[in-house]
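Peer 1: The structure under discussion is supplied below as structure tokens; questions concerning it will follow.
The values are calculated or read from the model by the stated rules, or taken from the named source; none is laboratory data. Being a predicted model, the structure only gives us computed values, none of them experimental. For neighbour counting, all protein chains shown are included, and Cβ atoms are generated from backbone atoms with ideal geometry for every residue, glycine included.
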Amino acid sequence: MLNTFPILLSFAIFIPFIFRIFVVLFLIQIIVALKNKVLLGEYFSKSNLPFSKYLPVLTQIAIAVSAVFLLIGLYTQIASLVAIYFILTIQGINKQIYFMKHSESTFTYVALICFSLLFLGAGVFAFDLPL
């Protein structure tokens, strides 16, 4: 295949690193948006979920742990699976109570970037060791 800029193919190892940084910034936005725990707690209690009072805090903690793992590149594939789950869950909740200003397609694109991290790996600047 003929490439217009073949020298750029040597920088392909940096793409997962850029993806990880982008996903971490989006997860931080979700964590900040989850600060309205009363509204989210009411949503969980209307859904008849057990421990609805503590679910917003537990969600923030799980997203924060996933963001830290993605930032340092540790357990990238597991952290991206957790991020996919929470991004799609927050997308569904956002349809109901609209606490984030992002559209549904933004959530879907970030979930697809996380899905691509499953296959691309951690990239450069990571502590992820291949087995």
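Peer 1: Applying the selection to region 1-28, what residues are under 10 Å from the mean Cα position of the chain (by Cα) and not aliphatic (A, V, I, L, M)?
Peer 2: Listed by number, the residues that qualify are Arg20, Phe22, Phe26.
Peer 1: Kindly indicate the residue of region 113-131 that is surrounded by fewer than 16 Cβ atoms within 10 Å (Cβ to Cβ) and at pLDDT 85 or above and also nearest to Leu34 (Cα to Cα) among those meeting that condition.
Peer 2: Among those residues, the one meeting the criterion is Phe115.
Peer 1: So, one more: Please specify each residue of region 72-109 satisfying the condition of being β-branched (Val, Ile, Thr) and either in contact with a Lys or Arg (Cβ under 8 Å, 6 or more places away or on another chain) or closer than 21 Å to Val124 by Cβ (or both).
Peer 2: Ile72, Thr76, Ile78
Peer 1: Please work out which one of (1) farther than 21 Å from Ile13 by Cβ; (2) in contact with a Ser or Thr (Cβ under 7 Å, 6 or more places away or on another chain); (3) surrounded by 19 or more Cβ atoms within 10 Å (Cβ to Cβ) is the condition Val110 fails and give its number.
Peer 2: Status for Val110: all satisfied but (2).
Peer 1: Has region 31-38 got any residue that is more than 20 Å from Thr106 (Cβ to Cβ), at pLDDT below 85 and surrounded by fewer than 18 Cβ atoms within 10 Å (Cβ to Cβ)?
Peer 2: Yes; the residues of region 31-38 include at least one that is more than 20 Å from Thr106 (Cβ to Cβ), at pLDDT below 85 and surrounded by fewer than 18 Cβ atoms within 10 Å (Cβ to Cβ).
Peer 1: Residues of region 45-101 being free of Cβ contacts under 8 Å to residues at least 40 places away in the same chain and not in a helix (DSSP H, G or I), which ones?
Peer 2: Those that are free of Cβ contacts under 8 Å to residues at least 40 places away in the same chain and not in a helix (DSSP H, G or I): Ser47, Asn48, Leu49, Pro50, Phe51, Ser52, Lys53, Tyr54, Tyr98, Lys101.
Peer 1: Ok, one more. Which number in (1) within 19 Å of Phe19 (Cβ to Cβ); (2) in contact (Cβ under 8 Å) with a residue 60 or more places away in the chain; (3) not in a helix (DSSP H, G or I) marks the one condition that Cys114 misses?
Peer 2: (3)
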